[in-house]
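The structure appears below as structure tokens.
The values are calculated or read from the model by the stated rules, or taken from the named source; none is laboratory data. None of the values given here were measured: they were computed from a predicted structure. Neighbour counts run over all protein chains shown; Cβ positions are idealised from the backbone, glycine included. All accessible areas refer to the heavy atoms of the entire protein, side chains included, with ligands and DNA or RNA removed. Shrake-Rupley method; radii C 1.70, N 1.55, O 1.52, S 1.80 Å.
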Amino acid sequence: MDDARQIENLLYLYAEKIDAGDFAGVAALFRDADIVAPAHNSVVSGEEAVLAMYQQSTRLYADSNTPKTRHLISNVIIEHSPGAASATARSCYTVLQATDALALQPIISGRYRDELCKREGVWGFARREMHVDLVGDLSQHLLFGL
């Protein structure tokens with residue numbers, strides 16, 4: 001599989017893990033990385049801190065142990081030179097959610113700006129900027145107000 005496809009799969013793997021409620025799996029993707037939210041002037045670094053962030057911010061439902069979301073990643077643009085061990089990616093996300101109290105709907109949409117690096121032949125995150133563009137009803141998703 002070529003590097004660009006491996007990077008794209010990494011972006012999708014993040015979405016798959018968060019929708020499954022696998023916060024430990026999400027945190028492992030960022031073990032050597034920072035998650036930056038410029039609008040909140042926050043930086044979370046490393047696996048333990050990322051795990052704590054998701055556990056403290058994202059509601060899990062007892063019947064499924066998931067957040068009952070679907071993260072859709074789109075408009076992926078990867079910039080990478082052949083043979084290089086670093087790359088950047090830009091993508092959009094749209095999060096859908098449906099719960100007993102919320103009909104299926106988009107609840108948030110925005111952009112990711114990722115810096116990636118290849119370590120021991122495997123692509124991973126080095127830095128992710130999360131930008132929020134559109135906000136809907138997050139009352140069933142987040143454990144805090146945005």
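Working only within region 52-68, note down all residues that are open to solvent by 40 Å² or more (accessible area, probe 1.4 Å), free of Cβ contacts under 8 Å to residues at least 40 places away in the same chain and part of a helix (DSSP H, G or I).
Within region 52-68, Met53, Gln55 meet the criteria.
Kindly establish whether Ala27 is touching a residue at least 24 places away in the same chain (Cβ under 8 Å), part of a helix (DSSP H, G or I) and within 13 Å of the chain's Cα centre (by Cα).
So Ala27 passes the test.
How about region 91-121: which of its residues are part of a strand (DSSP E or B) and among the hydrophobic types (A, V, I, L, M, F, W, C)?
Cys92, Val95, Leu96, Ala98, Leu102, Ala103, Leu104, Ile107, Ile108, Leu116, Cys117
Among the numbered criteria (1) among the hydrophobic types (A, V, I, L, M, F, W, C); (2) under 24 Å from Gly21 (Cβ atoms); (3) modelled with pLDDT of 95 or more, which one does Ala89 miss?
(2) is the only condition that Ala89 fails.
Return the pairs, sorted by first residue and then second, in which the second residue is at pLDDT 95 or above and open to solvent by 40 Å² or more (accessible area, probe 1.4 Å), the first residue lies in region 1-23 and is within 13 Å of Thr69 (Cβ to Cβ) and in a loop (DSSP other than H, G, I, E, B), the beta carbons are less than 6 Å apart, and the residues are 6+ apart or on different chains.
These pairs meet every condition: Gly21/Leu60; Gly21/Asn65.
For region 81-112, how many residues meet the condition of being open to solvent by 70 Å² or more (accessible area, probe 1.4 Å), among the aliphatic types (A, V, I, L, M) and touching a residue at least 24 places away in the same chain (Cβ under 8 Å)?
So the answer is 1.
Of the numbered conditions (1) open to solvent by less than 80 Å² (accessible area, probe 1.4 Å); (2) of a type outside the set (Asp, Glu); (3) assigned to a loop (DSSP other than H, G, I, E, B), Phe144 fails exactly one; give the number of that condition.
Result: Phe144 fails condition (1) only.
Sort out which residues of region 32-50 are in contact (Cβ under 8 Å) with a residue 24 or more places away in the chain, surrounded by 13 or more Cβ atoms within 10 Å (Cβ to Cβ) and not in a strand (DSSP E or B), and write them in order of number.
Result: Asp32, Ala33, Val50.
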